[in-house]
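> I am attaching a structure below and will ask some questions about it afterwards.
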Amino acid sequence: MNYALVLVNIKGLGVKTFSYIIPDDIKDKIKIGQAVLVPFGRQGLVNAFVVGFSDYLDESIKAKKINRILDETPLFSLKYLKLLEWVANYYCCDFVTVLNMAIPMKLIDKNAKTEYSVEYVTSKGATKRQIEILNKLQETGRFPLIDFERVAKTTRATMKKLESMGCVKFHTDEIYRNPLSIFSDIKKEPLSKLSDIQEEVYQGIKKKINSPNPILLHGVTASGKTEVYFKLIDDVIKQGKNVLFLAPEIALASQLTKRLARKFGTEDVAIWHSSISDGEKYDVWKRLYNNEIKILAGARSAVFAPLQDIGLIIVDEEHESAYKQSNPAPRYDARTIAKKLSQYYKAPLILGSATPDISNYYYATNNNNLFEMLKRYNNAPMAKIKVINMQEYSKAAYKSVISKPLQAEISDTLAKGKQTILLINRRGFSTYTQCRACGQVIECPNCAIPMIWHAADKKLKCHYCGQESSFPDECPNCGSDALRNSGMGTQKVEMLIKELYPDARVERIDSDILTRKNAHIEVLNRFQKGEIDILVGTQMIAKGLDNPNVTLVGVISADASFNLPDFRAAERGFQLLTQVAGRAGRGEYLGDVIFQTYNPDFYALESAKEQNYSKFFDTEITAREEFDYPPFSQIIRIIVSCENNFRAEKSAMEIAMRLNTMTDKFGFSEYLSVLGPSPCVIERLNGFYRFQILIKNKLNEKGHSFVSKFFDKITMPKDIRLAIDVDPIDIL
């Protein structure tokens, strides 16, 4: 072929391809998926991706030559490209934006890591000392050069001299940087024998393995879902196919990968998430593309890794909102893309959770694709849950935070040499800083939300835009010095626990500690080894931890998740409480759980106390149907923002009016409900005033296509920002 069709890596060009002449010296090397460097107008040389070839070119086009191949290893296949095109269409996003998100551009710039090795050739013409060195090399065989120089007690100059004499030969070897090297102490173990219930579920799933719809495994915490996954994985690997295994967060993905490596070996297992280095990503990506990996585990971005010949996809903790990228675009959901992948590869998709997503449970029930394990492994008892009404106990609580019953349980747990988990689903020291004289709350200058005090850094921080400031000497509103920190976060709870139990080993885990690579793994490993008595954390510690020595879980503020103005608030709160309660009593010792709450009669909290998903689902699905919320519609959220409040509102009103006009014109009004515009719950963010329009789509793909085409034709003024969030995780 004489011409390559390339996608130029410039935003705004969409999926348009450009033809370039293939120079003779690379004709036998160039492949689809390779990154190349091409001249492009005034932009000069830019990165591009080869997506096809042609022997023909319109005579009116004056094609330029490809400058060079940036990396001979293809980064994607044609099937992969079609998946990214679907993602761009589904999430109403520019294709190049999707491409840059899915394929990190640093992969192109990152060369493979290499090292020199040395091989013996002959001793002819060598001196006595050189012969000693050569004899040593002949004994060891081909050896890394730097290591051989140390072993043979010689220098690089001597080795280069031997090379020039023809006595040795140098080689350049590519080194695989394995992110699993942190698990170097792992010993391979056989798969566990399944219990009767696990075996029944395993056999049932096998019968449904060719189902075109996702299979949902609803198993209570510690019921043994993972062992069922492992048995299914083993079957797929024996068939010569590969497995994608997703976890919602980096900490969970790391724990999962360790368990997979223990069962299937480190050679066949790889991990993918945002915290592994660029070099590690480069090497893992190449091995995936070359079909050298059997099992890929990772967080949401792993759904875009080029795993070949997929035979099974597992999404564990499928209810977790962390699978959805809320910002920046594309605002994709890894679960939705996993479903599309399963269709592409005709591979089964298994969703697993102790607290399934309401919509997925509804679909699985209707499709007869639901499997349940409602008892713990070997019929172990569930943890005993006690609800503490803080309306009665707050006055006697330590600093109004740690109730007397919870203090007593912690003391008892420490005395028995067992471990405690304390959940407070907010990081930082306090939740807001308020003037006691005038009531003013210190807000972020860019966002309409309170700044959060971080005692460790002695800074007020905005958790949305990252703005930081020192604690003010006086109130900016009235000049009073009566500023006080109120509310609480993980740092404050950690401090209070250390005050109450000075001899206990207390640690904290939240997203603030993720700034240091593998910090979360280090803390979790120490907790697993029993080197930490009390672990304080956010929702990161609510799932995936399987530590038999944890006999107490305390939830400091069980109401926190219920009080958000979002239709999923009750579901999220129920899931969080049920999941964290499942961390207690997973071994031979009974577990205790304490929920501290100011609203003990709330239906979601009552269901969580009883660990009764079915009861919660029945109440929640009735409300969803009444108000046409998912699964009875698809939500598409439009956010219009501007630094000028009036301009933002005016633009949002114009869009809503045009949407209503178009739905009326095509007779879609009954199936496409346009709500708003209205100010967002967080009215100002990063200095921009925000208004939202919600669309309830009951036309499935047809309605989605209608909305996509509508916004394709809209040109917004330069000062207006438009964000389209398909299937949003919240409406804040």
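The values are calculated or read from the model by the stated rules, or taken from the named source; none is laboratory data. From a predicted model like this one, the values you see are computed outputs, not experimental measurements. As a convention, Cβ positions derive from the backbone with ideal geometry for all residues, glycine included, and neighbour counts pool all protein chains shown. The protein model used for the area step is the full one, side chains on, heavy atoms only, and it has no ligands, DNA or RNA in it. Shrake-Rupley method; radii C 1.70, N 1.55, O 1.52, S 1.80 Å.
> Any chance you could count the Lys pairs in segment 576-708 whose alpha carbons are under 23 Å apart, treating pairs 8 or more apart or on different chains as valid?
5
> If you don't mind, another one. To the nearest 20 debye, what charge dipole does the chain have about its Cα centre, counting +1 at the Cβ of each Lys and Arg and -1 at the Cβ of each Asp and Glu? Walk me through the intermediate numbers first.
Details: 98 positive and 87 negative charges, 358 e Å.
Taking the Cα centre of the chain as origin, the dipole is about 1720 debye.
> On a straight-distance basis, which aspartates and glutamates could pair with LYS399 in a cross-link, Cα separation under 16 angstrom, same-chain partners fewer than 8 positions away excluded?
Within reach: GLU494, GLU499.
> Follow-up question, since we're still on this one. Could you work out how far apart the two model spin labels at ASN327 and ILE131 are, taking each label as a point 7 Å from the Cα in the direction of the beta carbon, and quote it in nm?
According to this spin-label approximation, the distance is 7.5 nm.
> Determine the percent antiparallel among the DSSP beta bridges restricted to the chain, to the nearest 5. Show your work: numbers first, answer last.
Details: 63 of 112 bridges.
Rounded to the nearest five, the antiparallel share is 55 percent.
> Debye calculation, C-alpha points only, no solvent: report log10 I(q)/I(0) for segment 334-473 at q = 0.11 Å⁻¹, in the same order as the q values.
Relative scattering, expressed as log10 I(q)/I(0), comes to -0.85.
> What three numbers, in Å, describe the spread of the alpha carbons of the chain along their principal axes, ordered from the longest?
Dimensions of the chain along the principal axes of its Cα atoms: 93, 71, 65 Å.
> Another question, then. How large is the Kirkwood hydrodynamic radius of segment 611-732, in angstrom, based on all distinct alpha carbon pairs? List each step's numbers first, then the result.
Values: mean 1/r = 0.0648 Å⁻¹.
So the Kirkwood estimate lands at 15.4 Å.
> So, R0 is 35 Å and r is the distance between the beta-carbons of ASP28 and LYS238; what FRET efficiency does that work out to, to 0.05?
0.40
> Looking at the square roots a ≥ b ≥ c of the eigenvalues of the Cα gyration tensor of segment 605-680, which shape do they give, rounded for a/c under 1.5, prolate if a/b is larger than b/c, or oblate?
oblate
> If you don't mind, another one. Under 13 Å from the Cβ of ILE30, count the other residues' Cβ atoms, weight Lys and Arg +1, Asp and Glu -1, and hand me the total.
0
> If the cut-off is 16 Å between C-alpha atoms, which lysines fall inside it for LYS29, apart from same-chain ones fewer than 8 positions away?
In chain and number order, the partners are LYS65.
> Stretch SER192-TYR398 to full length: gain in nm at 0.36 nm per residue minus the Cα-Cα span?
69.7 nm
> Another one. Of the listed peptides 351-361, 468-478, 374-384, what is their order by residue-averaged count of other C-beta atoms within 10 Å, with the highest listed first?
For the peptides 351-361, 468-478, 374-384, the packing ranking is 351-361, 374-384, 468-478.
> Report the extension gain between LYS615 and LYS702 in nm, rounded to one decimal, defined as 0.36 nm multiplied by the number of residues separating them, less their alpha carbon distance.
27.9 nm
> Give me Rg over Rh for segment 224-369, both radii from the alpha carbons and Rh done the Kirkwood way, two decimal places.
With Rg and the Kirkwood Rh in hand, the quotient comes to 0.94.
> What does the charge add up to near LYS136, with Lys and Arg as +1, Asp and Glu as -1, over the other residues with Cβ less than 15 Å from its Cβ?
Surrounding charge for LYS136 is 0.
> Additional query: May I ask for the percentage of alpha-carbon pairs in segment 130-254 that lie more than 26 Å from each other?
Across segment 130-254, Cα pairs with separations above 26 Å total 53 percent.
> Still on this structure: Structure shown: which of LYS16/LYS340; LYS263/LYS339; LYS225/LYS386; LYS286/LYS324; LYS193/LYS281 lie over 28 Å apart, alpha-carbon to alpha-carbon?
As for pairs spanning more than 28 Å Cα to Cα, those are LYS193/LYS281.
> Three principal axis extents, largest first, for the C-alpha atoms of segment 199-294, in Å?
Ordered largest first, segment 199-294 gives principal extents of 43, 29, 26 Å.
> How big is segment 481-593 on each of its three principal axes, counting only the C-alpha atoms and giving the largest first in Å?
Rounded to whole Å, the extents work out to 44, 38, 30 Å.
> Next up: Leaving ligands, DNA and RNA out of it, rank THR266, THR661 by accessible area with a 1.4 Å probe, largest first.
Descending order: THR661, THR266.
> Could I ask something else about it? Which shape class applies to segment 30-174: rounded if a/c is under 1.5, otherwise prolate when a/b exceeds b/c and oblate if not, where a ≥ b ≥ c are the square roots of the Cα gyration tensor eigenvalues?
prolate
> Right, another one. Zone of GLU115 (label point 7 Å along Cα→Cβ, backbone N under 12 Å): which residues in segment 134-152?
Within reach of a label on GLU115, which here means backbone N under 12 Å from a point 7 Å along Cα→Cβ, segment 134-152 contributes 143-150.
> On to the next question. Using the charge dipole of segment 223-321 (Lys, Arg: +1 at Cβ; Asp, Glu: -1 at Cβ; taken about the Cα centre), state which of SER274, ALA302, ALA261 has its Cα farthest towards the positive end.
Highest projection toward the positive end goes to ALA261.
> For the pair GLN467 and LYS16, what calculated FRET efficiency results from E = 1/(1 + (r/R0)^6), where r is the Cβ-Cβ distance and R0 = 51 Å, to the nearest 0.05?
Working: r = 39 Å, r/R0 = 0.76.
With R0 = 51 Å, the Cβ-Cβ based efficiency is 0.85.
> Leaving out ligands, DNA and RNA, what percent of the accessible area of the chain is carbon and sulfur, probe 1.4 Å?
The value for the chain is 47 percent carbon and sulfur by accessible area.
> Still on this structure, I have one more. Could you give the dipole magnitude of segment 274-321 about its Cα centre, charging the beta-carbon of Lys and Arg +1 and that of Asp and Glu -1, in debye to the nearest 20?
Approximately 220 debye in magnitude.
> Return the FRET efficiency for the residue pair PHE711, GLU683: r is the Cβ-Cβ distance, R0 is 25 Å, and the value is rounded to the nearest 0.05.
0.60
> Working only with C-alpha atoms, what are the Rg and Dmax values of segment 503-656, expressed in angstrom?
Here Rg and the maximum Cα pair distance are 20.2, 63 Å.
> Below 11 angstrom from the Cβ of ILE639, what's the summed charge of the other residues (Lys, Arg +1; Asp, Glu -1)?
My count for the surroundings of ILE639 gives +3.
> Find the accessible area per residue for the chain; the probe is 1.4 Å, ligands and nucleic acids are left out, and the unit is Å².
For the chain, the solvent-accessible area averages 46 Å² per residue.
> Right, something else. Mean residue ellipticity at 222 nm from the helices of the chain, using -39,500 (n - 2.57) per DSSP H segment of n ≥ 4 over the full residue count, to the nearest 500 deg cm²/dmol?
Values: 21 runs with 234 residues, N = 732.
Estimated from H runs of four or more residues: -9500 deg cm²/dmol.
> Go through the cysteines of the chain and tell me which have no other cysteine Cβ under 4.7 Å away.
Flagged as lacking a Cys partner: CYS92, CYS93, CYS167, CYS465, CYS642, CYS680.
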